[in-house]
Amino acid sequence: MRISDSKRVVFVHLPKTGGASLEAVLDSIPDSRGPKKRRHDTLAQILETEPEVSSYWIFGFVRNPWARMVSWWSMIDEALKSAEAGNTMNQRKFEEYPVWRKVRGYDFETFVLRGPDEVLRLRTPQIDVLTAGDRRADFIGRTENYAEDVNKVREQLGLPLEDVPHRHRGTHGHYREYFNPTTRDRVAQLFEKDLDEFGYEF
């Protein structure tokens with residue numbers, strides 16, 4: 001999450017949607033500030049803490065739910081292997097991040113079928129994160145159209161248009177390779193609102 005009072009903008013950072021790269025863009029604004037509590041606060045949580053920003057231009061990015069689930073699991077799985085190999089930074093993350101700790105060691109099928117019952121964030125539709133009562137994000141970009149949509153944000157904020165480096169890019173293969181009919185349908189059930197809202201398909 002980032003807020004700039006000079007630009008009157010709020011960025012709602014959904015996990016695994018290219019948000020780290022967006023934060024880097026917004027960090028070029030001198031008064032850009034991060035969260036008072038959590039990096040991935042929902043719009044409702046942000047407005048509860050800072051109701052005065054409800055009139056700002058609010059934006060976030062979304063991603064195909066099946067691809068997002070693979071990216072999420074792959075990030076945690078790779079970090080676990082690194083932690084077990086002695087990487088102290090990732091060892092600390094498994095101690096400090098409740099989401100990572102709860103799904104530690106899950107294979108992909110278990111992550112999809114069991115993880116969302118244990119971790120609210122893994123089953124929250126993206127549109128819900130970007131909506132607070134009657135207030136909804138003014139612009140919702142898509143990871144699938146990342147460079148173009150990031151430049152729409154830059155244009156809105158009066159920032160120079162340029163290429164955006166993609167931070168934390170995963171190394172996993174195509175998301176369809178990870179799913180069987182059961183896990184595919186589970187994601188469709190969990191994120192039915194996103195499929196309806198954004199037209200995503202498997």
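So if I check each of 183, 143, 131, which one is in contact with a Gly (Cβ under 8 Å, 6 or more places away or on another chain) and either over 25 Å from residue 6 (Cα atoms) or surrounded by 14 or more Cβ atoms within 10 Å (Cβ to Cβ) (or both)?
On the way: 183 fails: in contact with a Gly (Cβ under 8 Å, 6 or more places away or on another chain); 131 fails: in contact with a Gly (Cβ under 8 Å, 6 or more places away or on another chain).
Answer to the selection: 143.
Take the residues in the stretch 85-128 that are of a type in the set (S, T, N, Q) and farther than 26 Å from residue 2 by Cα; name whichever of them is surrounded by the fewest Cβ atoms within 10 Å (Cβ to Cβ). Looking at the filtered set, the residue picked out is 88.
Residues in the stretch 1-37 that are out of contact with any strand residue (DSSP E or B) (no Cβ under 9 Å at 6 or more places or on another chain), basic (Lys, Arg) and in contact (Cβ under 8 Å) with a residue 24 or more places away in the chain: 16 alone. Out of the residues in the stretch 108-159 that are part of a loop (DSSP other than H, G, I, E, B) and among the acidic types (Asp, Glu), state the one that is nearest to residue 67 (Cα to Cα). Here the residue is 138.
So that you can scan it fast, the table gives a plain yes or no per residue for (1) outside any helix (DSSP H, G or I); (2) aliphatic (A, V, I, L, M); (3) within 14 Å of the chain's Cα centre (by Cα):
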| position | (1), (2), (3) |
| --- | --- |
| 14 | yes, yes, yes |
| 40 | yes, no, yes |
| 44 | no, yes, no |
| 54 | no, no, no |
| 60 | yes, no, yes |
| 72 | no, no, yes |
| 81 | no, no, no |
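Specify which of the listed residues (51, 65) is touching a helix residue (DSSP H, G or I) at 6+ places or on another chain (Cβ under 9 Å) and closer than 19 Å to residue 136 by Cβ.
Working: 51 fails: touching a helix residue (DSSP H, G or I) at 6+ places or on another chain (Cβ under 9 Å).
Just one listed residue meets the conditions, 65.
Look at the stretch 83-107 and say how many of its residues are among the charged types (D, E, K, R), in a helix (DSSP H, G or I) and in contact with a helix residue (DSSP H, G or I) (Cβ under 9 Å, 6 or more places away or on another chain). Give the derivation first.
Step one: list which residues in the stretch 83-107 are among the charged types (D, E, K, R), which gives 84, 92-93, 95-96, 101-102, 104, 107.
When the remaining residues are screened for being in a helix (DSSP H, G or I), the result is 84, 92-93, 95-96, 101-102.
Then keep just the ones that are in contact with a helix residue (DSSP H, G or I) (Cβ under 9 Å, 6 or more places away or on another chain); that gives 84, 92-93, 95, 101-102.
Count: 6.
In the stretch 167-191, the residues that are closer than 20 Å to residue 120 by Cβ form no Cβ pair under 8 Å with any partner that is loosely packed, with under 11 Cβ neighbours inside 10 Å and modelled with pLDDT of 95 or more, whether six or more places apart or across chains.
When the stretch 149-173 is filtered for residues that are surrounded by 11 or more Cβ atoms within 10 Å (Cβ to Cβ) and at pLDDT 85 or above, the ones remaining, listed by number, are 149, 150, 151, 152, 153, 154, 155, 156, 157, 159. When the stretch 16-38 is limited to residues that are part of a loop (DSSP other than H, G, I, E, B) and among the small types (Gly, Ala, Ser), the one that is nearest to the chain's Cα centre (by Cα) turns out to be 18. Do we have residue 35 as in contact with an Asp or Glu (Cβ under 6 Å, 6 or more places away or on another chain), modelled with pLDDT of 95 or more and not β-branched (Val, Ile, Thr) here? Criteria not met by residue 35. Restricted to the stretch 51-84, and to residues that are polar (S, T, N, Q) and surrounded by 14 or more Cβ atoms within 10 Å (Cβ to Cβ), which residue is modelled with the lowest pLDDT? Going through the qualifying residues, I end up with 82.
The values are calculated or read from the model by the stated rules, or taken from the named source; none is laboratory data. Source: prediction; values computed, not measured. Here the Cβ is made from the backbone with ideal geometry for all residues, glycine too, and neighbour counts use every protein chain on show.
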